[in-house]
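Enquirer: Just dropping this structure here.
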Amino acid sequence: MKKTTILFFCLILTIQLFGQDSEHVFKSFTEFKEMSPSQKFDFQLKHRTMGNVFMTGGITNHRIKKVKPSTAAEYLTKEAWGVLVNGSVFINSYPYSKLIGYNKILGVGYYCYFIGEPARLKEEQLELGIIKEGEPQKGVCCKTSYVILPDGVVKWLNPVYLKELISDNSELTAELESKKLTPDSVYEMFEIIDKYNETK
């Protein structure tokens with residue numbers, strides 16, 4: 001009897017560790033900010049292969065696979081705000097860029113941030129701030145940095161916009177100006193956001 005009980009608990013533990021668990025899904029930015037995902041679906045979050053990245057444009061983001069029920073695949077691919085997997089949050093890139101994939105949120109606070117694909121369509125480039133009204137659509141490639149504003153809006157993160165975001169903090173503004181960053185200075189911009197978040 002004792003051996004049967006031990007075997008039973010070992011089996012349950014193995015299923016929990018290696019089985020396809022019911023992952024947590026955020027319907028909205030509000031649910032993410034409150035860390036209260038309200039939906040559950042069975043799926044796997046798979047890292048894209050380097051070959052797939054080479055063919056489709058530059059970033060090893062994640063894809064939703066093996067969805068149960070299969071009817072939920074479209075929702076998870078194009079509508080859900082994000083997912084919580086193994087303690088990390090991944091934002092759905094389709095709503096803001098019209099590119100399929102999920103990107104890991106690297107920093108959480110007053111401003112959240114992550115690395116993702118640049119939007120390829122003009123309308124999304126305008127909304128993200130990659131181009132301004134009247135400017136032509138940009139040819140884009142590879143990865144870029146994004147910031148999530150306190151109201152949930154996603155914007156392209158660059159030094160000019162970062163200066164605007166932290167304009168009420170003269171010390172950090174001076175630090176940003178002294179660094180002479182470029183849009184490729186992703187992690188340096190993230191460091192400044194982290195410092196700013198600590199003041200909020």
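The values are calculated or read from the model by the stated rules, or taken from the named source; none is laboratory data. Since we're looking at a predicted model, the values are computed, not measured. With ideal geometry, Cβ positions are generated from the backbone for all residues, glycine too; neighbour counts draw on all protein chains shown.
Enquirer: Can Y102 be described as of a type in the set (S, T, Y) and under 16 Å from G152 (Cβ atoms)?
Expert: No: the conditions fail for Y102.
Enquirer: Also: Within region 124-137, can one find any residue that is modelled with pLDDT of 95 or more and not aliphatic (A, V, I, L, M)?
Expert: No: region 124-137 contains no residue that is modelled with pLDDT of 95 or more and not aliphatic (A, V, I, L, M).
Enquirer: Give V160, V108 a once-over and let me know the one that is at pLDDT 95 or above, under 20 Å from E198 (Cα atoms) and surrounded by fewer than 19 Cβ atoms within 10 Å (Cβ to Cβ).
Expert: Going through V160, V108 in turn, the sole match is V108.
Enquirer: Tell me, which strands (runs of 3 or more DSSP E) wholly within region 97-200 include 2 or more residues that are closer than 29 Å to R63 by Cα and among the hydroxyl-bearing types (S, T, Y)?
Expert: Filter on region 97-200 gives 144-148.
Enquirer: Of the residues T60, T56, T71, which is modelled with pLDDT under 90, loosely packed, with under 15 Cβ neighbours inside 10 Å and within 13 Å of the chain's Cα centre (by Cα)?
Expert: T60
Enquirer: Exactly one condition in (1) without any contact (Cβ under 8 Å) to a residue 24 or more places away in the chain; (2) surrounded by 14 or more Cβ atoms within 10 Å (Cβ to Cβ); (3) under 21 Å from K33 (Cα atoms) is false for V153; which is it?
Expert: (2)
Enquirer: G51: in contact with a Cys (Cβ under 7 Å, 6 or more places away or on another chain) and at pLDDT below 80, yes or no?
Expert: It is false that G51 is in contact with a Cys (Cβ under 7 Å, 6 or more places away or on another chain) and at pLDDT below 80.
Enquirer: Let me ask something else about it. Taking the stated definitions as given, is F41 within 22 Å of L106 (Cβ to Cβ) and at pLDDT 80 or above?
Expert: no
Enquirer: What pairs come up if the first residue lies in region 14-42 and is assigned to a loop (DSSP other than H, G, I, E, B) and surrounded by 15 or more Cβ atoms within 10 Å (Cβ to Cβ), the second is of a type in the set (F, W, Y) and at pLDDT 55 or above, and their beta carbons are under 7 Å apart, counting only those six or more places apart or on different chains?
Expert: If the second residue must be of a type in the set (F, W, Y) and at pLDDT 55 or above, the pairs left are K27/W81; P37/F26.
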